[in-house]
Amino acid sequence: MKQFSKVMVGLDLTKMDETLLSNIKIWSPILGIEKIYFVHVAKDLSIPEELSKNYPDLLAPVDETIIRGIKHELNEFSFDPTEYEIMVKEGSPMETVLRWCKIKDVDLLVMGRKKQLEGSGSLAKNLAQKSPTSVLFIPEGFGTDHPSKLLVPLDFSDYSRITVDLALKLAAKVNATVACCHLYEVPAGYSKTGKSYEEFKGIMLQNVQKDFAKFTAKHDYTDLPCEFILKEKQSEARYIIDYGKSFGADMVIIGSRGRTHSAAMLLGSVAEKLIQLNTEVPTLILKKKGENMSFLEALLKL
């Protein structure tokens, strides 16, 4: 699989890095990773002038110190030095990571998803929204076993085809199971049809089942299971997470679609909410490479 041959991994020098390194080590041969860029972004890498004057031999340059620390961690996980490059940069974390994703032409950005460690996760969400490439979130403390159950939320779009194709390829490599889910709801004006809520719920279910049958026939998906979930009061993302728990999913793969051609092509609202709520299993936001490039180019000109 050459889809993710170049990968960028964001490190923040906390215990989150251990989770990222242990997982990326396992996933590297599965994803076909050939080159990894480990990047750490600091707002300021300079040593205060007064301190450097008074103690000229006390501190090594900050970037060199960080690089040595990252190298030590990589050695602990037996990473081959020929397969990676360490980058320590100064500036705004989001803008800097996005800029280097473009410069290095990476296929996948890997970020940690914290739930108890210090940090709100807002940077990770913003990077996922605006990244020109796919983004994989790995939750804090997640184990390193190969995933055995992959969940793919569907809307029967072209992105659904792309995500199912990827899930099936990954599943074949690690002997995993793929399951899909699709959310449907009863339209607000159903009562004007003269039918009850229960009757119209049945009509909507039959309709989405037909759509799924057309989708699988069009793309030649044989025996692809799909759970049809009635959306009522919760957000779509919450239904996906709840079903994922009942299914025992250990990875979610969801497609991202651009909302508009102006201002920025951001994640679809369901994928965005899923990032905020899911802190338990890895989530891969799959994008067509370069789909946010117009936004990124505008950002880098600021």
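A few remarks follow.
- Apart from one condition, PHE228 fits all of (1) in contact with a strand residue (DSSP E or B) (Cβ under 8 Å, 6 or more places away or on another chain); (2) of a type outside the set (A, V, I, L, M); (3) over 28 Å from ILE30 (Cβ atoms); (4) in a loop (DSSP other than H, G, I, E, B); the exception is (4).
- Checked against (1) out of contact with any Cys (no Cβ under 8 Å at 6 or more places or on another chain); (2) modelled with pLDDT of 90 or more, PHE212 passes all but condition (1).
- Residues satisfying the stated conditions in segment 181-201, i.e. of a type outside the set (D, E, K, R) and more than 21 Å from SER235 (Cα to Cα): SER191, THR193, GLY194, SER196
- Any pair with Cβ under 6 angstrom, 6 or more apart, that starts in segment 1-15 at a residue that is crowded, with 19+ Cβ neighbours inside 10 Å and ends at one that is part of a loop (DSSP other than H, G, I, E, B) and of a type in the set (D, E, K, R): PHE4/ASP107
- Across segment 22-63, the qualifying residues are those that are among the charged types (D, E, K, R), surrounded by fewer than 11 Cβ atoms within 10 Å (Cβ to Cβ) and assigned to a loop (DSSP other than H, G, I, E, B), and the one among them that is modelled with the lowest pLDDT is ASP57.
- Within segment 265-279, residues that are over 11 Å from ILE241 (Cα atoms) and surrounded by 17 or more Cβ atoms within 10 Å (Cβ to Cβ) sit with their Cβ atoms under 6 Å from residues that are at pLDDT below 65 and among the acidic types (Asp, Glu), at 6+ positions apart or across chains, in these pairs: MET265/GLU291.
- Total residues in segment 192-221, condition touching a helix residue (DSSP H, G or I) at 6+ places or on another chain (Cβ under 8 Å) and in a loop (DSSP other than H, G, I, E, B): 2
- Residues of segment 234-250 satisfying the condition of being surrounded by fewer than 17 Cβ atoms within 10 Å (Cβ to Cβ), assigned to a loop (DSSP other than H, G, I, E, B) and modelled with pLDDT of 90 or more: GLY248
- SER235 being over 30 Å from LEU170 (Cα atoms) and of a type in the set (Ser, Thr, Tyr): no
- Matching residues in segment 1-12 - criterion: being more than 18 Å from PHE137 (Cβ to Cβ) and at pLDDT 90 or above: SER5, LYS6
- Selection within segment 212-254 - hydroxyl-bearing (Ser, Thr, Tyr) and touching a residue at least 12 places away in the same chain (Cβ under 8 Å): TYR221, SER235, TYR239, TYR243
- Residue count for segment 1-39, restricted to those that are charged (D, E, K, R) and touching a Lys or Arg at 6+ places or on another chain (Cβ under 6 Å): 2.
- Any pair with Cβ under 8 angstrom, 6 or more apart, that starts in segment 144-161 at a residue that is within 22 Å of GLN209 (Cα to Cα) and in contact (Cβ under 8 Å) with a residue 60 or more places away in the chain and ends at one that is part of a loop (DSSP other than H, G, I, E, B) and of a type in the set (A, V, I, L, M, F, W, C): LEU150/ALA176; LEU150/ALA249; LEU151/ALA249; SER160/LEU154
The values are calculated or read from the model by the stated rules, or taken from the named source; none is laboratory data. Just so you know, these numbers come straight off a predicted model, no measurement behind them. Reconstructed Cβ throughout: ideal geometry from the backbone, glycine too, with neighbour counts over all protein chains shown.
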